[in-house]
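Report on the structure given below.
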Amino acid sequence: MKSPLLTLPGAVPAEGVDEGVAAHYGDLFREQRALADGTGFVDLSHRGVVAVTGEDRLAWLHLLLTQHVSDLPAGRATEALILSANGHIEHALYLVDDGGTVWAHVEPGTQEALIAYLESMKFFYRVEVADRTADTAVVHLPAGSIAEVPKGAVVRETPHGRDLFLPRGDLEAYAEQAGPPAGILAYEALRVEQHRPRLGFETDHRTIPHELGWIGSAVHLQKGCYRGQETVARVQNLGKPPRRLVFLHLDGSEVHLPTVGTELRLADDGPDGRKIGFITTSARHHELGPVALALVKRNVAVDAPLVAGDTAAAQEVVVEP
């Protein structure tokens, strides 16, 4: 979905997964500072939107998701995963129920596979699943924002801000009165600072929830069965995940950020040392400088200096070893 807000002054299109919205509007750090101060908005209209209706919607989703949603109150935001039979993360959903419909936004381009899976699991339940991406746009307001929420918009409120589900046709009009726009790069820099994982960035084909700190926020440990639960329970009760998410402070003297997939090594081992992890997201932060999220092997010492390619990196623990 190509956003109409790409016509705003200074808009530079994003690339890759986030293609379709603005990477920035001419001043990355100003946009970050505005979001950190609770002003402006982020156009997330490229994200997939899925709606589930029907009187069995919460009970049915409860059987499929990692989160406890059978008694989810209207208006309360939550997030959930769908796992493979082996416990690997396949989908991440950011949910809210408005009293009649469960709304979820998901990573761009993943909604079709998600809906196909949900449709295959309907059986006799009284539910309907719909792809609402074409007519519904997601807009993010940062924490502390006093921007007006349009009447009738579905709101998903979290500690990091509010996600609005708006009619796509209202997006341009809302942007005119919502404050200065901020691009996806500013949003991502704050996500990295907040240590929040993202599907397809911090995950690969073998990621399990424990590695990213998604236990609790997206995985409920005291709910009934769901696909992949055996792996979750086994790792939680009997073992440790093979990898862990870390936050990295990168050497600010380097001109270029390490790209996604850049291999991590122990600084003491030199450039020929063994690979102990890799960069998952890197960003330039308005206060912290160059930072990144990365996955490293669980047994890497938490205070070990690292190098990402040729760039020195200092760890900050996100998931305990």
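Can you find, among W214, A175, Y226, the residue sitting farthest towards the positive end of the charge dipole of the stretch 110-235, where Lys and Arg contribute +1 and Asp and Glu -1 at Cβ? Among W214, A175, Y226, the one farthest towards the positive end of the dipole of the stretch 110-235 is Y226. Summing charges over all other residues whose Cβ lies under 10 Å from the Cβ of A283, with Lys and Arg as +1 and Asp and Glu as -1, gives 0.
Ordering T203, G38, A137 by Cα displacement along the dipole of the chain toward the positive end leaves T203 in first place; charges were set at the Cβ atoms of Lys, Arg (+1) and Asp, Glu (-1). With θ taken as phi - 60° and the Karplus curve 6.51 cos²θ - 1.76 cosθ + 1.60 applied, the whole-hertz 3J(HN,Hα) list for the stretch 295-300 is 9, 10, 4, 4, 7, 5 Hz, x standing for glycine and proline.
Counting only protein heavy atoms and a 1.4 Å probe, the chain has 44 square angstrom of accessible area per residue.
Once divided by 2.2 N^0.38 Å, the Cα radius of gyration of the stretch 272-319 becomes 1.15. Peptide packing for 93-105, 148-160, 293-305 was compared via the average number of neighbouring C-beta atoms within 10 Å per residue; ordered from the highest value, the list is 93-105, 293-305, 148-160. Electrostatic tally near G48: other residues with Cβ closer than 10 Å to its Cβ, Lys and Arg +1, Asp and Glu -1, net -1. Amide H to amide H distances under 5 Å link R76 with D97, where only residues 5 or more positions off or on other chains count and H is placed in the peptide plane. With Cα atoms as the point set, the radius of gyration and Dmax of the stretch 168-321 evaluate to 17.9, 56 Å. Each listed q (0.11, 0.24 Å⁻¹) maps to a log10 I(q)/I(0) for the stretch 43-151, found by the Debye formula over equal Cα scatterers with no solvent: -0.35, -1.55. Estimated from helical segments only, the mean residue ellipticity of the chain at 222 nm is -4500 deg cm²/dmol, where each DSSP H run of four or more residues counts as -39500 (n - 2.57). The stretch between E254 and R298, if pulled fully straight at 0.36 nm per residue, gains 13.1 nm over its current Cα-Cα span. Our Cα-only numbers for the chain put the radius of gyration and Dmax at 20.0, 60 Å. For the stretch 205-321, with all protein chains in place and a probe radius of 1.4 Å, 50% of the accessible heavy-atom surface sits on carbon or sulfur. The mean sequence separation of alpha-carbon pairs under 8 Å and at least six residues apart, normalised by the residue count of the stretch 80-210, gives a relative contact order of 23 percent. Using only side-chain charges placed at the Cβ, +1 for Lys and Arg and -1 for Asp and Glu, the dipole size of the chain relative to its Cα centre rounds to 840 debye. Using a probe radius of 1.4 angstrom, the carbon and sulfur fraction of the accessible surface of the stretch 30-150 is 51%.
Relative to the 2.2 N^0.38 Å rule of thumb, the stretch 82-206 has a C-alpha radius of gyration ratio of 1.17. If you take the Cα centroid of the stretch 19-75 and the Cα centroid of the stretch 247-316, the two points sit 29 Å apart. Using only Cα atoms, what Kirkwood radius does the stretch 191-235 have, in angstroms? That comes to 11.6 Å for the stretch 191-235. Each of Q236, G289, F29 was scored by the projection of its Cα onto the charge dipole of the chain, and the greatest displacement toward the positive side belongs to Q236; charges sit on the C-beta of Lys, Arg, Asp and Glu. For the stretch 200-291, the fraction of C-alpha pairs more than 20 angstrom apart is 50%. Charge dipole of the stretch 1-129 (Cα centre as origin; +1 on each Lys and Arg Cβ, -1 on each Asp and Glu Cβ, all else neutral): 80 debye, rounded to the nearest 20.
Working ranking of peptides 267-276, 125-134 by packing, defined as the average number of other Cβ atoms within 10 Å per residue, highest first, is 125-134, 267-276. This model, with +1 at the C-beta of Lys and Arg and -1 at the C-beta of Asp and Glu, gives the stretch 232-321 a dipole about its Cα centre of some 620 debye.
The values are calculated or read from the model by the stated rules, or taken from the named source; none is laboratory data. Keep in mind it's a predicted model, so treat the numbers as computed, not measured. Here Cβ is always computed from backbone atoms with ideal geometry, including for glycine, and neighbour counts include all displayed protein chains. With ligands, DNA and RNA removed, areas are computed over all heavy atoms of the protein, side chains included. Shrake-Rupley method; radii C 1.70, N 1.55, O 1.52, S 1.80 Å.
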